[in-house]
Structure formats: C-alpha cells, structure tokens
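A short write-up of the structure that comes next.
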Amino acid sequence: YGGGPISTYVKPVTHMAGSIMNKSNTNGGGRGSYRKINGISIIGDVINHGKRDYWDPTKSIHYHATLAAGENTLEVQLVRVLMKSIVANGGKFSADHFRKAYVDFMTTPGSHNDTYASTCHRMFFANMTFKKLPPEECPDNDQHNVDTIDGLILPTITALAYVARGEVDEGAEQASQTAAVTRSSPVLEMYSSIWTDLIDASLHSESNIEDALVKAGKGFGMRQKHLGRTEEMR
C-alpha cells in the first residue's frame, strides 16, 4: 500500500521497491526465465491471464498491484473454491472434485484479478502444459518455495469442516490430502495433520490452549519460550 495508517480497505500501489516478482520464473518455480516457451507463458497465458507484463524483469511491481481495495488475493479465492467443493460433496473433502475445480478456476480468464501466483501453482501448470502430465501428477516441489506456511491455508478449511463435526482424525487425514492437491510436500502433509489437532483444541478444548500449542510446537520441531521458561521442543 502507499504508506501511512490504514483505516479502511486500501488498493495496493503499483510499484514497490524491493519486489522480487521481477526475478520470478513465469514458467515454473522460484526464480528464472521471463521468456515464453513455444510461444506460451504460464503466467499470463495459462493462469493469471493478462498479468505477465507485471512480472517484467525491468519493473518492480507490487505482488497484488492489480487488486482493488478489499479484493481477495488468489489464495483467498482458492479458499472459496475449496469451500464450494466441500459443500458440493455434502461437507466432505474430495481430492478429485477439488482438483477439477482448482484447474477450472485457475485456467479460466477473469476468474480472479490477482497479479501473483506462488511457485506451487506455476509448477503445477507448467507440468500440465509443458510435460502434459495428468492433473493428479502435476503437484511439484522446488525444495525452497513450496514447503511454506501458505501451504496451510487450504488444509485449514478442510480441517474446520471436519473438526466442526467432531471428526478430528478424519479431518487430519483429509487436511493432509488437501495439501497434496496443489503441492508435492510430505512435510506440509504432516504439518496439516498437526495443525488440525491444534484447530480442534482452539475450538473445543476446555483445558489451557497453551498445552495444545506446546504439543503442536513439538510436532513442528519448534523451540519457544513457554510460561516464563525456555522449553526446547524436539
């Protein structure tokens, strides 16, 4: 945004010093080429239609420059896609149903207005477009930008759907499967299961939530100060 206090929804600025979107690979994960491959650019032609120019290496553009004030980012739009998929399946998660909905949404021009798409999405559709892989084989990992905290956004939705009914174990399994639809990340699948238990404790536990936080922290391999003492979590 343009700086100063925020008191309402604010449209992002177009130019942002320090943006590394201009270094990002428009045809795959991480940093890389801006050139088209056989006349095709994943960003601009296959997904994020019409947004390729904002990734130009000579520019320094805000990651969400094209969004209006209050307009949802791509990841939040995908939350809505997942919620609709779960509702359509009677409150249950279906990897096949969500995968089709995901592909349809991402490849439909005008389905969203965000500038940026993270590495996992670019790799997924690069595999589909250039390697001609079936969608279930398209999730990938560049060993740097995929095993990241934004990978817990979609599993959170699935976890909530199951935890609300008291189906915690099934929710943990399905949250892990949710992560696997768009990313090849065993670590995120494991963390999604741990995250589900923490969500359940946050909503339903009558005991101190800090106990659940400590348990989750150990599962995540974190170290943190807890209740005034330093506790190493392994």
Assign one of three labels to segment 1-70, namely rounded, prolate or oblate, based on the Cα gyration tensor with a ≥ b ≥ c the square roots of its eigenvalues; rounded applies when a/c is under 1.5, prolate when it is not and a/b is larger than b/c, and oblate otherwise. prolate
List, in the order given, every pair from LYS11/LYS131; LYS100/LYS218; LYS23/LYS92; LYS51/LYS92; LYS51/LYS84; LYS11/LYS132 whose Cα-Cα distance in the structure shown is over 30 Å. LYS11/LYS131; LYS100/LYS218; LYS23/LYS92; LYS51/LYS92; LYS11/LYS132
What whole-number value in Å² describes the accessible area per residue of segment 44-160 for a 1.4 Å probe? 44
The chain: Kirkwood hydrodynamic radius (Cα pairs, Å) comes out at 19.2
With every protein chain kept in place and a 1.4 Å probe, the residues LEU203, LEU160 fall, from largest accessible area down, as LEU203, LEU160
Accessible area of the chain belonging to carbon and sulfur atoms, whole % at 1.4 Å probe: 53
Just to confirm the number: angle between the C-alpha axis of helix 209-220 and the first principal axis of the chain, 0 to 90 degrees, nearest 10? 60
So VAL10 and HIS97, fully extended at 0.36 nm per residue minus their Cα-Cα distance, gain in nm 27.9 nm
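The values are calculated or read from the model by the stated rules, or taken from the named source; none is laboratory data. The model shown is predicted, which means the values in this text are computed figures rather than measured ones. Protein only, heavy atoms only, side chains kept; ligands, DNA and RNA dropped before computing areas. Shrake-Rupley method; radii C 1.70, N 1.55, O 1.52, S 1.80 Å.
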